[in-house]
Each structure stands twice: as C-alpha cells, then as structure tokens.
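The values are calculated or read from the model by the stated rules, or taken from the named source; none is laboratory data. These figures come from a predicted structure and were not determined experimentally. FYI the Cβ positions are ideal-geometry reconstructions off the backbone, even for glycines, and counts take in every protein chain you see.
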Amino acid sequence: MDPQVLVLAPVGLPALAAAGYAAFGWRRATAWLGAAAAAGLLAAAIVLAVRTTGDAAGVAAAGGLLRADALSAFMLIVIGAVALAAMLASPSYLAAELAARRTGPRATRRYGVLTQAFIAAMALAVLAANLGVLWVAVEATTILTAFLVGFRRTREATEAAWKYVVICSVGIALALLGLVLAHYAALHANVPEDGALDWAVLARHAAGLDPGVMRIAVALLVLGFGTKAGLAPMHAWLPDAHSQAPAPVSALMSGVLLSVAFYAILRVKVIADGALGVGFTRTLLVVVALASLAVAAALLLAQRDYKRLLAYSSIEHMGIVALGAAVGTRLAMAAVLLHVLGHGLGKSALFLSSGYIHQAVGSSRVAAVRGLARRAPLVAGAFALGLLALLGMPPFSLFASEVGIVRAAFDGGLGWAVAAALALMLVIVAAVLGRARQMLLGPPADDGGEAAVRLPITAAVPIVAGLAACAVLGVAAGPLVTLLESAAELTGAVR
Amino acid sequence: MTDQTYVQLLDLACGAFLLTGVLVLWRRDLAAIVRLFAAQGAALAAIVIVLGVRQASTELVVAGLALGGLRAGLLPYLIRRALPERGGPDAEGRETRPVVNVASSLVAAAVLALVAYAVAQPLIRIAPSPAAHALPVALTVLLVGFFVLVTRRRALSQVVGFLLIDNAITATAFLTTNGVPLVVELGVSLDVLLAVLVLSVLTNRMRAAFGGTDLDELRELRD
C-alpha cells in the first residue's frame, strides 16, 4: 500500500467518521461507524509498525508535515486499541443513557462527532513531524473533549468542564511559549527556517542550541505537556474531568490522551538531552514523577468515589511512566512504552465497566456499591481483574513493565527515587484493595441493592479482550518486542 | 524608517501592550476589562506591523493586520457576548471580591515585572536587538495574565487572564523570531478562538446551573 495513504489513514478515517455523524446523526445504522473507523486506524497502525520497525528515518507524508516512525506507529497502536474498545462500548452505553432520558438525539450526534474528531486529533499529534502541529493537535483535544466532559450538563459536569478547559489551556500555553523559545534558539543556531520546529531536525542540531534559552524552553515544555499528561503539580483538572465524562470518553482520555501528551515530552526529551545533557530533563521528570505518585497515594487513601479512584490511579501511572523516562536507558524506555500500552488496555476496561456500574447504581460513590461480586459476577470480575492489572500484579503486562522500570532505575543510578516510588505504590495498593473489597465483596446493600448491573455483550467483548490482551502481553510480548526496541531506540535511549 | 523612529515606535507599541495588561488589574468592571483587552490586541498588532515595516516584509504586515482583527475585534466581541445583559444583578458584571485587592495587585504587577526582567536575560543575551530588549514586556504580561487567572473570581475574568497569557506568547514569538511558521500560527489562532467559544458556552451553562459566574461557587467536586 502507498505509505502516504498509510500515514494519512489514522487521521482521515476518524475525521470521515466525524463527518458521517455530523451528517446523519447517531442512529442504529451509524452507531458502529466509530468502531469501524477505530478498527481501520488500528489496522493502519499495525501495517505502519511493520514498515517502520528498524527504519529510523520513518515514512513522511503531507509535504513533510507528517512523519511516522516506530514510536509514532506504537502510539497509534495504543490509540487504535483503546479507541476500538471505547467505540465498541459506546452504542450500548448511549442506548442506556437515551433509555434513561438523560440525553437526547442532538447530544448523541455531538458525541459521535466529537469523539471521532478527538481520536483524529490524537492520531495527528503522534504523526506530526512539526512540534508546532503536535502542539495544535494536543490543544485541539482539550477543545474537542470539553463538551464531552460536560456531556451530562449537571452542575458537576459543568464545573469539571470549566476547570478542565481553563487549566489545560493555560498549561498547554506554557508549552507553546516553550516552543516559541526553542524556535528562537534553533533559528539562532542557523537551523534552516523550514525545519526549525521539526523534532527530527532539532534533535540533529541539538548540540548547537543555546543552553540558556533551552533550559527555559524545556522546563516550560515539560510543565506544559505535563499538564495534559496529568502529572503533578498541574493535575488538578484530571480527577474531575475523568470522573464526569461518559465512561467511553473517560476510557479514551485516561487510556490514551494522557500518554499522547507524554509522547510529546518524549520527543522534547530527545532534543533536550542533546542540548543540555541528560541531567536536566532527568531531574525535572524525577521531581514530577515522585510528586505525582505522592499526590495519587495521598488522595487514594481516603477516596470515596470509584471513578475518581480510577482517575487518581491514572496520575499514579503517569508518574511511573515519567520515572521510567527519567531513567532513559533502552530497557527503561521499552518498559515505559509497554507500560503505556498496558495502562491503556487495563484502564479503558476499568472505566468501561465502571460506566455500567454507574448506570445501574446511579452513583459513583464506593459506599453505594456493595456485594457486586454476587449481583453481577461478570462486571465484578472484570472490575477486579482490571484493578489487579493496574496494581501491577502478574500476569498482566504492567507487572512486567514495572519490573523493567525498577530494574533499569537501579542500574541507572536512580535507585533512591525508585525506592521512594515503590513505597508510595505500596500505599496505593493497600488503598485500592481496601476500596475494591468494599465494592465487590460483602452482602448487597439493603436499599436499592436489587438493581441489576447489565453488561451488554458488545461491551463485554472489548472489556474482556482488553484485559486478556493485557495479560497475554505480560507473558509474551511476541512481535511487539522488536517494535518496542526500535521505538525505544528513537527516544534517544542511552546505552 | 530610521533606526531611531523604529526603536521609538516599537517601544511605544510595547509600552501600550504592557500598560493595557497591567490596567486589567486595576479595573473591576468586566466590560472595561474587555475593552482593555481589545486595546491590548491592537497594541500587539501594532508591534507586529512595526516589525513588518522595518523589515519591509509584506507578510508580517498582513500577519499583524490579521492578528489585530482577531485579538482586537473578534475575541473581544465573543467575550462581550457572554457578558450578562444590562439590568441584570449588578454583581454579575463586576469583579466584586478579588482574592487580592486592587492596590496589592498593582504592587504585585511591579514585582512580576522585575521577575520578568530577570528571566528574560538569557533570551536577550543571544541576540541583543531592540526587539529582543522588549521581551521582558511580553513576559510581564504573561505573568500578569497568570495573576489575573488565580486571583479573579469571575468566569470571564479568567478567560481574559488566559487571553493575556496568549497575547504575551504571541508577542514573544514575534519579538524573537518574527512569529512561528504560518501553519502553526494559523492552528494556534484557531485553537484560541475555539477555546474562547467553548469557554463562553460553558459560562452560559454555568449561569444556568449555578445562577451566576462566581467561581467560588464551583465546589461540587472535591476530595
């Protein structure tokens, strides 16, 4: 197949699906359009991954504005997999919302358009060759998901949407300032004008960039994209937005959007390491990683809302990912990427199943859900397995990737940081297990405890498949190993 | 244009840019704050046009005019549309209880200017041109924007704070490198425009759900 088409398809297919929803609305015939587009995205991503493995130059398209290398292809696989799960679960989720009269045909049409445009923007972000286009795509995800966060139009949803847009837009504005300054440093180092924001060109010229300017630029870029990645200290929007959005959107936001923002940091890190040495970004990333883990641990301890619990768990996992990136060795980067995929699969399965629990119980308080294991064994089982996966239990792939990050950190001289991280993760395990026991075990509540939690087959398939994939990856990554290695290579892994 | 007139005109435009930014801290009336923001958009356009005339670059002059249209015309219009109608409760159109009062805010602005001068030094050092020497002005407006964002309690003041930050970043881009590449600049402008549209819709929803736009009312979600 023409490589140009392959690079354009991941952006084009969801964009076409968005146009389809805009024209025809969300109805029986179009409900599966989103899933079809996501499946196409995933297929294109896999073909691209096969093509780009071991080829550092990558495939360029759209007049040099887009470029796919192994890292982009890997991120596309994560986007495609989570988007497919979310889009398979969407029809039954929206059908239940419509049946409960919580939403109407106008809102569901908007849901179709916005989710597809959101997926297209994420695909554009990981394919952009130009850091400026990457920035525009990441900011576009904020705008596109604003009304998805506010979907229910309640006071809580409006509040969450407001905080989300304000904090993320301001945070990402810092990254824009960082880009402006990096552009300034690049032009000053005689980087040709048309490549002055291209990450590959900048990485080649990194040694010539002025360190005084780059220090400010890199700090702003890490802080700015870190806001979107949910890293402390700019994480305040995340628990609100992720707990208020409809479940499939939460799955997308938590499972991939955070990692897409982190992908931007990985591209910046290559340039920063060349210009400033590895020490600068390493220090920054260790600080935000430990801060994120500490915030997550502190707020998970007394968490009474299971959707917020999942959201804080995302902050925890982005902290682990940032810690791995700080280590920066080849083993660490491969583990970071595997962690991103494992977290995407596990977290989307959890958010999707939490959506059905929420629809049945009508509340997201932990105390409102009791004895789930007896009332709804399938949902409870999926929820329990998902939590175990996220806590890094074997056989799930998050166990393998966490072990990889810990080993790499001890080898790379960050043993003290990883020791602190492990202590915080133990606190998190204890906190999450405690809440899980309350929700899953014990006798059903007396009042309203009879409400059945219905898990439609179209939602059960992606949830179970996601968890199964996560477990299989933990045992044998198979052909992914070479892709992970060549993607890790591109992140400028040392040694 | 002689060197001297260029520097004078550039400094004049940058001065207006800074002054309008700081005055946002002084006014409490939301309509006046929006007018100041529009004036700042015009000053930003003037900076870009002066740079364009100096470099005899038609592109820059056109970019300046387009920026002026967006930031002195369209964005203020959109915010004004989201202002409460006249005759509504008086408190709605005013910043009644800022976290930091006006006098202290102005003192804070002076401190922020000092910080901006310190931070800008490495940026000026690599290319000490008259435009680069104006960078602390842009960074001061950036910090003032942050200050507005965290100390003002009306939804629309926060929007203006966000836009001050954005104006400051655009000014930095033009003062350092004649702006980011066109495709990026277009994308950024579109994103900012859409962000303001989204925020104005959310302001209206907030008014419907909470009966006002006081951000202190936003406390449904907490741990």
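Points to keep in mind about this one:
- Condition met for A:G34 (over 18 Å from the mean Cα position of the chain (by Cα), over 12 Å from A:L6 (Cα atoms) and buried (at least 23 other Cβ atoms within 10 Å of the Cβ)): yes
- Residues that are at the interface with another protein chain (Cβ under 10 Å from one of its Cβ atoms) and more than 19 Å from B:D191 (Cβ to Cβ) within the stretch B:151-164 comprise just one, B:A155.
- Within the stretch A:371-396, considering residues that are outside any helix (DSSP H, G or I) and touching a residue at least 24 places away in the same chain (Cβ under 8 Å), the one surrounded by the most Cβ atoms within 10 Å (Cβ to Cβ): A:F396
- Test for B:N204: is it assigned to a helix (DSSP H, G or I), more than 7 Å from chain A (Cβ to nearest Cβ) and either touching a Gly at 6+ places or on another chain (Cβ under 8 Å) or within 30 Å of B:A134 (Cβ to Cβ) (or both): no
- Condition met for A:G132 (more than 7 Å from chain B (Cβ to nearest Cβ), within 30 Å of A:P211 (Cβ to Cβ), assigned to a helix (DSSP H, G or I) and small (G, A, S)): no
- Restricting the stretch A:397-447 to residues that are touching a residue at least 24 places away in the same chain (Cβ under 8 Å) and not in a helix (DSSP H, G or I), the residue that is surrounded by the fewest Cβ atoms within 10 Å (Cβ to Cβ): A:P443
- Candidates A:L433, A:L490, A:L424, A:L467 - the one that is within 21 Å of the chain's Cα centre (by Cα) and at pLDDT 90 or above: A:L467
- A:A49 vs. criteria under 20 Å from A:L341 (Cβ atoms), away from every other protein chain (no Cβ under 14 Å) and either touching a residue at least 40 places away in the same chain (Cβ under 8 Å) or part of a loop (DSSP other than H, G, I, E, B) (or both): yes
- Residue count for the stretch A:179-211 satisfying the condition of being under 32 Å from the mean Cα position of the chain (by Cα), within 9 Å of chain B (Cβ to nearest Cβ) and surrounded by fewer than 20 Cβ atoms within 10 Å (Cβ to Cβ): 2.
- The listed residue being touching a residue at least 60 places away in the same chain (Cβ under 8 Å) and facing another protein chain (nearest Cβ under 9 Å), out of B:T177, B:T170, B:T213: B:T170
- Positions within the stretch A:137-165 being facing chain B (nearest Cβ under 7 Å), surrounded by fewer than 24 Cβ atoms within 10 Å (Cβ to Cβ) and within 15 Å of B:V192 (Cα to Cα), in sequence order: A:A140
- Residue in the stretch A:362-370 that is free of Cβ contacts under 8 Å to residues at least 24 places away in the same chain, of a type outside the set (S, T, N, Q) and more than 21 Å from A:F399 (Cβ to Cβ) present: no
- Checking B:D223 against (1) in a helix (DSSP H, G or I); (2) over 30 Å from A:N190 (Cβ atoms); (3) within 9 Å of chain A (Cβ to nearest Cβ); (4) without any contact (Cβ under 8 Å) to a residue 60 or more places away in the chain, the condition it does not meet: (1)
- Complete set of residues in the stretch A:10-24 that are small (G, A, S) and surrounded by 16 or more Cβ atoms within 10 Å (Cβ to Cβ): A:G12, A:A15, A:A17, A:A18, A:G20
- Residue tally, condition touching a Phe, Trp or Tyr at 6+ places or on another chain (Cβ under 8 Å) and more than 9 Å from chain A (Cβ to nearest Cβ), over the stretch B:117-130: 1
- Checking every residue in the stretch A:169-177 against the condition of being of a type in the set (S, T, Y), more than 8 Å from chain B (Cβ to nearest Cβ), in a helix (DSSP H, G or I) and buried (at least 22 other Cβ atoms within 10 Å of the Cβ) gives zero matches.
- The condition (being facing another protein chain (nearest Cβ under 9 Å), touching a residue at least 40 places away in the same chain (Cβ under 8 Å) and touching a helix residue (DSSP H, G or I) at 6+ places or on another chain (Cβ under 6 Å)) is satisfied by just one residue among B:V148, B:V192, B:V184: B:V192.
- Test for A:G279: is it in a helix (DSSP H, G or I) and free of Cβ contacts under 8 Å to residues at least 12 places away in the same chain: yes
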